[in-house]
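The next block holds one structure in the form of structure tokens; read it before the comments.
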Amino acid sequence: MSCTLGEVKNRADFIIYWGGNPAECHPRHFTRYTLTQKGKFLPRGRKDRTMVLVDIRETMSAKAADIFLQVRPGKDFEMLTILRALVKNQKVRAEAAAETGLTLEQLQDLVNRMKAAKFGVLFFGMGLSMTRGKHMNSAAALTLAAELNAFTKFVAMPMRGHGNVTGADVVMRYTLSYPFGINMSRGYPRFNPGEYSTVDLLVRGDTDATIVIGADPGATMPKPAIEHLKRTPTIVLDPKVTHTSKLSRVHFTTAATGISAPGTAYRMDEVPLPLRPALKSPYLTDEEVLKRIITALQKKPAWQPAVKGGEQIA
Amino acid sequence: MSTAVTPEPTKHELHVVKHAVCTFCGCVCDDIELHANEERIVETKRACILGESWFKHHTAERLYPDALIDGKEATYDEAVEVAADILYQAHMPLVYGLSNTTCEAQRQAVWLAELVGGVIDSHTSL
């Protein structure tokens, strides 16, 4: 269950940020969408809203929060599960609550506030989705928000990072029916994170060529993954010569998205926005380079999924 | 065009782009005002610190060759041929990234993955 940031601005009187540091990573999130803006149903803006920050350390964002809850590292899933139990009025032992680094009273107070809210939002960042528990944490956060709807309106939204990563999810969803990690080697889409996700593929050495568009895995990925990118032919499309370009066979310089390349980008709440580039690039856009590669590929005999003894191999 | 004469930053008339969209982070703020000349963005209004450095960091200068093959300068056409060959010959090619690009390019990337029977994945899986 989610909503647009416009709805948050106009309606949300209770906002939780979990495992994120918007003050430094999404600097205008507070001022443009969530906290300080006056909304249709929140005429006094910040005064009408309550903000809770849950994180393992007191970041810059804690200054903007009404309540800061410091969860013990790696105990997010436990904390979410206790909150879900408390939402349903189940008994929770004080020692179980203490495991999370917080007291039962603090957690009960949070649950009371969540239930009393008119419109609550839970924004969760990479501190939740990329640490111990990973997608189980995200699932628990989404379930908590869903279950709160028995009492009030409550939504959850991931704090997406890199520009148009939301667009990638949306485009893959409406073309291939899954959001990421999709294998087309049998001619139809198969989805299995952990098997077809990039880091896993590269670390296991399953791929024999890579084309990287608007990313720099050579600077961010674990070493065995980078080693595999070096070992196999890699193609890069980027406005700059990146770390990945340096270990790749082919590099294309392309126009910078939104600065000199036009197109569409999705905001983290899945609202598409048309880009208005201010500069004219001397380079081709990613779109144009990909189109040319596709045209070159189409001149070759069509690829068919491999078939051996009546059984498909991939 | 690439003659880098910096002392007099080619004072072409500055043009103003209103409601420009910043694609640095997931907020995708669409209320930015940009003042730019032919070569670079010189002023940003309403952008945050991250947005401002994002806009000022990218210019329309020709700092790199169109393409590189094995580290050597090449034309787009040459690089396209080599890239197509690599992807065509691969049994399990991977199309990766897609964050810092437009939805239009993402559509092409999906088509490419389908055409070569590969895996397509984004930053989401990290």
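What is the sum of charges around B:Lys56, taking Lys and Arg as +1, Asp and Glu as -1, for the other residues whose C-beta is under 11 Å from the C-beta of B:Lys56?
Spelling it out: positives minus negatives among the neighbours equals -1.
Across the stretch B:29-45, in residue order, what do the Karplus-derived ³J(HN,Hα) couplings come to in whole Hz, using 6.51 cos²θ - 1.76 cosθ + 1.60 with θ = phi - 60° and x for Gly and Pro?
Karplus-based 3J(HN,Hα) across the stretch B:29-45 equals 4, 10, 10, 7, 10, 10, 10, 9, 9, 4, 9, 8, 8, 9, 9, 10, 10 Hz.
If amide hydrogens are placed 1.01 Å from N in the peptide plane, which non-local residues have theirs closer than 5 Å to the one on A:Tyr266?
Under 5 Å from the amide H of A:Tyr266: A:Gly167, A:Leu273.
Pairs A:Lys9/A:Lys63; A:Lys291/B:Lys45; A:Lys134/A:Lys246; A:Lys38/A:Lys91: which are spaced more than 28 Å apart, C-alpha to C-alpha?
A:Lys291/B:Lys45; A:Lys134/A:Lys246; A:Lys38/A:Lys91
Among A:Phe124, A:Phe154, A:Phe30, determine the one that fluctuates most according to a GNM of chain A built with springs between C-alpha atoms less than 10 Å apart.
Per the Cα network of chain A with a 10 Å cutoff, A:Phe30 tops the list.
Placing +1 on the Cβ of each Lys and Arg and -1 on the Cβ of each Asp and Glu in chain B, which of B:Asn100, B:Ile120, B:Ile49 has its Cα farthest towards the positive end of the resulting dipole?
Toward the positive end, the furthest listed residue is B:Ile49.
What base-10 log of the normalised intensity I(q)/I(0) is obtained for chain B from the Debye formula, alpha carbons as equal point scatterers, at q = 0.10, 0.19 Å⁻¹?
-0.50, -1.14
Taking neighbour Cβ counts within 10 Å as the exposure measure, how do B:Val16, B:Val116, B:Val21 sort from fewest upward?
B:Val16, B:Val21, B:Val116
Let me know the Kirkwood hydrodynamic radius for the stretch A:165-312, please, with Cα pairs as the basis and the value in Å to one decimal.
17.2 Å
Among A:Asp169, B:Asp121, which comes first, second and so on when ranked by fewest other beta-carbon atoms within 10 Å? Don't skip to the answer; put the middle values down first.
Numbers: A:Asp169 22, B:Asp121 28.
Result, fewest neighbours first: A:Asp169, B:Asp121.
What are the semi-axes of the equivalent ellipsoid of the stretch A:15-144, taken as the square roots of 5 times the eigenvalues of the Cα gyration tensor, listed largest first and rounded to whole Å?
24, 17, 13
Counting only other chains, and only Cβ atoms inside 10 Å, what mean value do you get across the residues of B:67-76?
5
Kindly provide the Kirkwood hydrodynamic radius of the protein assembly as shown in Å, to one decimal, from all pairs of distinct alpha carbon atoms.
Taking every pair of different Cα atoms in the protein assembly as shown, averaging 1/r and inverting gives 23.4 Å.
For the stretch A:83-218, what value does the Rg/Rh ratio take when both radii are computed over Cα atoms and Rh is the Kirkwood radius, given to two decimals?
Rg/Rh for the stretch A:83-218 comes to 1.07.
Once amide H atoms are placed 1.01 Å from N in the peptide plane, what residues at a sequence separation of 5 or more from A:Lys153, or on another chain, have their amide H within under 5 Å of its amide H?
Placed amide hydrogens put A:Gly120 under 5 Å from A:Lys153.
Amide H neighbours of A:Ile211 under 5 Å, at least 5 residues apart or on other chains, H built in the peptide plane: list them.
Those qualifying (amide H under 5 Å, at least 5 residues apart or on another chain) are A:Ile235, B:Leu94, B:Val95, B:Tyr96.
Work out from phi, with θ = phi - 60° and the Karplus expression 6.51 cos²θ - 1.76 cosθ + 1.60, the ³J(HN,Hα) of each residue of the stretch A:56-70, listed in order in whole Hz, and give x for Gly and Pro.
Going residue by residue, I get 7, 9, 7, 8, 4, 5, 4, 4, 7, 8, 7, 10, 10, 10, 8 Hz, with x marking Gly and Pro.
Residue by residue through A:191-199, how many Cβ atoms from other chains fall within 10 Å of the Cβ on average?
Other-chain Cβ atoms within 10 Å of each residue's Cβ, averaged: 4.
At 10 °C and 1.306 mPa s, grab the translational diffusion coefficient of the stretch A:12-82 from Stokes-Einstein with a Kirkwood Rh over Cα pairs, rounded to a whole number in µm² per second.
125 µm²/s
Quick check: net charge around B:Glu114, other residues with Cβ under 13 Å of its Cβ, Lys/Arg +1 and Asp/Glu -1?
Its environment carries a net charge of +3.
Rounded if a/c is under 1.5, else prolate if a/b beats b/c, else oblate: with a ≥ b ≥ c from the C-alpha gyration tensor eigenvalues square-rooted, which is the stretch A:47-111?
Oblate, because a/c is 1.5 or more while a/b does not exceed b/c.
Taking N as the number of residues in the stretch B:67-125, what value does Rg over Cα atoms divided by 2.2 N^0.38 Å take?
In units of the 2.2 N^0.38 Å rule of thumb, it is 1.21.
Listing B:Trp54, A:Trp303, A:Trp18 from the residue with the fewest other Cβ atoms within 10 Å to the one with the most, what is the order?
Arranged by neighbour count, lowest to highest, B:Trp54, A:Trp303, A:Trp18 become A:Trp303, B:Trp54, A:Trp18.
Values quoted throughout were computed directly from the atomic coordinates according to the rules given, and no laboratory measurement underlies them. Being a predicted model, the structure only gives us computed values, none of them experimental. Positions of Cβ are generated from backbone atoms using ideal geometry, with glycine treated the same way; all protein chains shown enter the neighbour counts.
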